[in-house]
Amino acid sequence: MYKKIEFILDPNFTLPINIPIPAASILPNWWKDGESFINRENGALDIDRADLKSAGMKSCMPFLDALNSGYFLTTWADIEITKNDGVEVEYKYLDKNSKGENIYGSTDWEIVKERQGAIGYTIPRPAGHSHNHMVWNSKWGWKVPKGWSVLVTHPLNQAQLPFTTLSAIVDSDRFVPNGNIPFFIKENWTGVIEKGTPFAQLIPINRQEWVATSRVAGSKEEFIANKARSVQFGYYRSKLWVPKKYKNDTDV
């Protein structure tokens with residue numbers, strides 16, 4: 001039985017816009033091109049015997065789950081980022097001419113804004129990012145079942161993106177949010193953020209009251225992480241991992 005997250009578009013926004021999509025539908029190229037196995041003797045990619053195979057990045061299911069979980073909000077136009085005097089961030093929206101080349105467009109796609117003045121001034125900027133306080137001007141709100149909230153964060157593990165989106169948790173069973181999601185542009189980066197780039201990852205989380213306890217494992221067998229690491233590879237995936245499913249209603 002699926003839980004339902006409902007994405008609701010701001011009725012005041014009439015331009016074409018991407019619908020939110022499952023994060024698993026656009027895995028980054030560096031992951032697709034990454035290694036499934038390494039040589040357990042020297043950590044190299046060259047493996048000349050089957051018994052030397054050890055799990056690589058693509059064999060780590062918890063890492064993949066972070067990439068795959070929830071839904072992405074994505075940009076609905078190309079955005080050119082420049083720097084005024086090499087310092088201050090500026091942005092323009094791009095359209096395509098008949099040859100498919102980028103040209104400056106006349107449409108205000110309302111994707112990004114800059115917050116001026118003191119608001120957010122004391123937020124620590126991520127290392128290596130410009131000071132300009134930018135926001136994604138999301139036109140989508142979202143609603144989840146009673147007792148659930150939504151984690152809004154930077155696309156997990158995707159440090160290749162030229163920006164970093166900040167994180168928040170919204171009680172989206174009580175409030176249908178959209179609006180401003182803060183982000184910062186990498187300090188020396190200029191270029192085009194292409195249409196369809198994920199800028200925020202939305203992961204539903206069940207609200208519970210938690211209490212933490214701590215103890216030493218009663219036996220080596222109880223601490224199953226040691227057992228998982230004692231096999232060559234694949235123990236977690238074959239014995240413990242639970243696939244996570246996030247779909248659009250058209251895929252169910």
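Throughout, read-outs are computed from the coordinates displayed, never taken from laboratory work. Keep in mind the model is a prediction, meaning the values are calculated, not measured. FYI the Cβ positions are ideal-geometry reconstructions off the backbone, even for glycines, and counts take in every protein chain you see.
So, counting K/R as plus one and D/E as minus one, what does the shell of residues with Cβ under 10 Å around Asn180 add up to?
Numbers: positive: Lys113, Arg115; negative: none.
Taking every Cβ under 10 Å from that of Asn180, the sum is +2.
Which semi-axes, in whole Å and largest first, does the equivalent ellipsoid of segment 120-200 have when worked out from the alpha carbon gyration tensor as the square roots of 5 times its eigenvalues? Walk me through the numbers on the way to the answer.
Working: eigenvalues 127, 39, 25 Å².
Over the Cα atoms of segment 120-200, the ellipsoid semi-axes are 25, 14, 11 Å.
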#### Entry: Principal axis box of segment 1-48, alpha-carbon based, largest edge first, Å
59, 31, 12
### Query
Taking the alpha-carbon set of segment 64-178, what are its Rg and Dmax in Å?
16.6, 51
### Query
Going highest first, how would you order 159-172, 194-207, 88-101 by mean Cβ packing within 10 Å?
194-207, 159-172, 88-101
#### Entry: Along principal axes, Cα extents of the chain, largest first, whole Å
64, 47, 42
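What percent does the relative contact order of the chain come to when contacts are Cα pairs within less than 8 Å and at least six residues apart?
Numbers: 424 pairs, mean separation 59.9, N = 252.
RCO, the chain: 24 percent.
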### Query
In percent, how large is the relative contact order of segment 1-133, given Cα pairs closer than 8 Å and 6 or more residues apart?
18
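Per DSSP H run of n ≥ 4, the term is -39500 (n - 2.57); total these for the chain, divide by its residue number, and report the mean residue ellipticity at 222 nm rounded to 500 deg cm²/dmol. Kindly include the intermediate steps, with their values, before the conclusion.
On the way: 3 runs with 19 residues, N = 252.
Helices in the chain give a 222 nm mean residue ellipticity of -2000 deg cm²/dmol.
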